[in-house]
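Notes follow the structure.
What follows draws every value from the coordinates through simple rules; no lab data is involved. Just so we're clear, the structure is a prediction, and the values are computed from it rather than from any experiment. When we count neighbours, we look across all protein chains shown, and the Cβ atoms used for this are built from the backbone with ideal geometry, even at glycine.
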Amino acid sequence: MRVLLCGHPVDMRKSFTGLIALTTQALAQDPLSGHLFVFVNRRGDYLKALYWDRTGFCLWAKRLERGRFVSDWRATANRELDVTGLKLLLEGIETVRLRLRYRLGATPSKAG
């Protein structure tokens, strides 16, 4: 199952029909594909997940009491998450891309 995160804030008053429309328009995906589509509100503390399970649409929601799913919308884009990324997102832990402190393939210098 693929997990796709919508990269802009969503009005959480939307239910099945509104989120299905966002799936086709904003994410350019087929809502009947069986993928999990994740939407977050502007404050970043409320999340809804939509998916098709062959008999109908399922909608899950989670609200954080403290913290945020997304802290800066400018740094967020539509993207695919792996299982680990989804678990971190659901716990309110935001992953960021960090630069490596060394270059791959570079040999360490010998002190001597």
Consider the range 9-50. How many of its residues are among the hydroxyl-bearing types (Ser, Thr, Tyr) and in contact with a strand residue (DSSP E or B) (Cβ under 9 Å, 6 or more places away or on another chain)? 4
From the list 22, 32, pick out the single residue that is of a type outside the set (D, E, K, R), assigned to a helix (DSSP H, G or I) and over 16 Å from the mean Cα position of the chain (by Cα). 32
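Right, residue 69: within 14 Å of residue 3 (Cα to Cα), under 13 Å from the mean Cα position of the chain (by Cα) and surrounded by 12 or more Cβ atoms within 10 Å (Cβ to Cβ) or not?
Working: within 14 Å of residue 3 (Cα to Cα): no; under 13 Å from the mean Cα position of the chain (by Cα): yes; surrounded by 12 or more Cβ atoms within 10 Å (Cβ to Cβ): yes.
In short, no.
Test residue 87 against the stated conditions and say whether it is outside any loop (DSSP other than H, G, I, E, B), out of contact with any strand residue (DSSP E or B) (no Cβ under 7 Å at 6 or more places or on another chain) and not acidic (Asp, Glu).
Working: outside any loop (DSSP other than H, G, I, E, B): yes; out of contact with any strand residue (DSSP E or B) (no Cβ under 7 Å at 6 or more places or on another chain): yes; not acidic (Asp, Glu): yes.
Against the criterion (outside any loop (DSSP other than H, G, I, E, B), out of contact with any strand residue (DSSP E or B) (no Cβ under 7 Å at 6 or more places or on another chain) and not acidic (Asp, Glu)), residue 87 qualifies.
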